[in-house]
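This report refers to the structure that appears directly beneath it.
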Amino acid sequence: MKRLLGLLLVLGMVGCGPQDSVVDALEKLGAGIERNEQGDVVGVYLQNTPITDAGLVHLAGLTNLQTLSLRDTPVTDAGLVHLAGLTNLEHLNLDNTQITDAGLVHLAGLTNLEVLQLIGTQVTDGGVAELQKSLLNCRISH
């Protein structure tokens, strides 16, 4: 009976982790979710959704995230602090958001970034040049 109870507890926890509650909330916002073969969330596509700076805090638990699109959202510099821990990010689209040079400091530690899109933002050439010093292997478009 103890073995059965243990098995039921394990089965009850499968698919009910914090990542799944985050994914559920993101999907309610209209996000597209991409998973790898192991079921880890590797892509989140929030373009044209009402995601806010405060809402980005929930992405912190998605440590395997490789692609994130926040294009055409009301995200500002304040929200970028929540992305700093997503060190596996390879592609980040911030086109047509409200970010400025001040927010770029939060992206400097994302050294796995290969593509960063900043078209339609308030970011300057100087801000991009400074960020590029930290992201040597990243193609930044703005």
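May I ask you to say which residue of T87, T121, T111 is outside any helix (DSSP H, G or I) and closer than 19 Å to V57 by Cβ?
On the way: T121 fails: closer than 19 Å to V57 by Cβ; T111 fails: closer than 19 Å to V57 by Cβ.
So the residue among T87, T121, T111 that is outside any helix (DSSP H, G or I) and closer than 19 Å to V57 by Cβ is T87.
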(request) Would you mind telling me which numbered condition in (1) surrounded by 23 or more Cβ atoms within 10 Å (Cβ to Cβ); (2) outside any helix (DSSP H, G or I) G79 fails? (result) (2)
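Residue by residue, here is whether (1) more than 25 Å from K28 (Cβ to Cβ); (2) at pLDDT 95 or above; (3) in contact with an Asp or Glu (Cβ under 8 Å, 6 or more places away or on another chain) holds:
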{"site": "V44", "(1), (2), (3)": "no, yes, yes"}
{"site": "G55", "(1), (2), (3)": "no, no, no"}
{"site": "G79", "(1), (2), (3)": "no, yes, yes"}
{"site": "T87", "(1), (2), (3)": "yes, yes, no"}
{"site": "L104", "(1), (2), (3)": "yes, yes, yes"}
{"site": "T111", "(1), (2), (3)": "yes, yes, no"}
{"site": "L131", "(1), (2), (3)": "yes, yes, no"}
(message) So V44 passes all but one of these: (1) surrounded by fewer than 21 Cβ atoms within 10 Å (Cβ to Cβ); (2) of a type outside the set (F, W, Y); (3) outside any loop (DSSP other than H, G, I, E, B). Which condition number does it fail?
(response) (1)
(request) Could you please find all residues in the range 57-71 being over 10 Å from V41 (Cα atoms) and either surrounded by 21 or more Cβ atoms within 10 Å (Cβ to Cβ) or modelled with pLDDT of 95 or more (or both)? (result) L59, L68, S69, L70, R71
(request) For D101, work out the one condition from (1) of a type outside the set (S, T, N, Q); (2) within 9 Å of the chain's Cα centre (by Cα); (3) surrounded by fewer than 23 Cβ atoms within 10 Å (Cβ to Cβ) it doesn't fulfil. (result) (2)
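The values are calculated or read from the model by the stated rules, or taken from the named source; none is laboratory data. Note that the structure is a prediction, hence the values are computed from the model and not measured. All Cβ positions, glycine included, derive from the backbone under ideal geometry; neighbour counts span all protein chains shown.
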